[in-house]
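So the structure is just underneath, and the comments pick up after that.
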Amino acid sequence: MQIPLLIPLLAAAVAAPMLTTSGPYTDSTGQTWNQLPTVSDYASVDAYDARFASEVFTTINGDKFQLDRAWTPAEEAYYSMLGMLAAPQPNGNSGNGLRATVNCTHPVDEEYRAKFSNTASLRTHVIDVVELADDALYSNWGINFVPRRGYRWDSNDSADIGALLDEAYREGGNLNGQDMMIAFSADPTPGNAIGVGYIGAPKQLTTYYGSKTTQSAICQHEAGHNYTLQHCCDNNCIMQATLDTGALGGFHSYNENCSGQNHSSVMNNQKNRY
Ligand SMILES: [Ca+2]
Ligand SMILES: [Ca+2]
Ligand SMILES: [Ca+2]
Ligand SMILES: [Zn+2]
Ligand SMILES: [Zn+2]
């Protein structure tokens, strides 16, 4: 008799542990989201982008963030074809004004740690990601991220990436006396996001997505949010809503329609924020 086989499966599904979340989140229209929307909730990626590419969500703590989705397979193939996954494009400008040293703490979750055979290789990877992410910040605005310490945290309490960021902050010891938290996660958290950073607050999370260079692009994009940058529609800018590794180092410097910002001007005003 075949039917009873279904019962343990169903029972297992029902018995799966309930996840907690730091939601609900509120969007710009006042709508409440208990969990963040995902691409699979919408008819198409375009429909999702049209609704959320520029949307700003607010947590119950008042932190604001935007959604950063992963590439679709078609986008990934397209960018690979263009060779855009290869070299960074650091802006050659020399830094001007005060140099801002930003000491960073790095909570790393169990799935991310498991990608590496030993602590030394993990440590090197994290430092490489952060040090490439800050190149354009440094050359343009004198912002120098300094990876200070890594921490273990266990990402098993979150239902979406916003909650994951809060969990990293909470369980990684908040800022640990440093200026900024750049957390790393490879948790299979539901949703399509590959990174998240609060707008104007020194907290961000980069996932184990793509190459090391890709992760630097994610980290740099989230750092832009940390310095109050919002999503834009400039194809050469790292602050596009969808990650473009080929735009690593690019921050647009004119008044742009989607963001309503001139990123370079904003960064000039915010470079000593942390
Ligand atoms: Ca640095
Ligand atoms: Ca946890
Ligand atoms: Ca986990
Ligand atoms: Zn973003
Ligand atoms: Zn831009």
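Among strands (runs of 3 or more DSSP E) entirely within the range 89-208, having at least 1 residues that are touching a strand residue (DSSP E or B) at 6+ places or on another chain (Cβ under 9 Å), charged (D, E, K, R) and away from ligand 2 (no atom under 14 Å from the Cβ) singles out 143-153, 203-207.
Only one of these conditions is not met by Ser211: (1) at pLDDT below 95; (2) small (Gly, Ala, Ser); (3) out of contact with any Leu (no Cβ under 7 Å at 6 or more places or on another chain). Which number is it? With (1) at pLDDT below 95; (2) small (Gly, Ala, Ser); (3) out of contact with any Leu (no Cβ under 7 Å at 6 or more places or on another chain) applied to Ser211, the lone miss is (3). When Asn156 is tested against (1) in contact with a Ser or Thr (Cβ under 7 Å, 6 or more places away or on another chain); (2) at pLDDT below 95; (3) within 12 Å of ligand 3 (Cβ to nearest atom), exactly one condition is not met: (1). Any residue at all in the range 226-245 that is part of a helix (DSSP H, G or I) and farther than 23 Å from Ala74 by Cα? Yes: the range 226-245 contains one or more residues that are part of a helix (DSSP H, G or I) and farther than 23 Å from Ala74 by Cα.
When the residues of the range 132-190 are filtered to those that are within 16 Å of ligand 1 (Cβ to nearest atom) and of a type in the set (Val, Ile, Thr), the one that is surrounded by the fewest Cβ atoms within 10 Å (Cβ to Cβ) is Val146.
The values are calculated or read from the model by the stated rules, or taken from the named source; none is laboratory data. Computed from a predicted structure; not experimentally measured. Methodologically, a virtual Cβ is constructed for each residue, glycine included, from the backbone with ideal geometry; neighbour enumeration extends over all protein chains shown.
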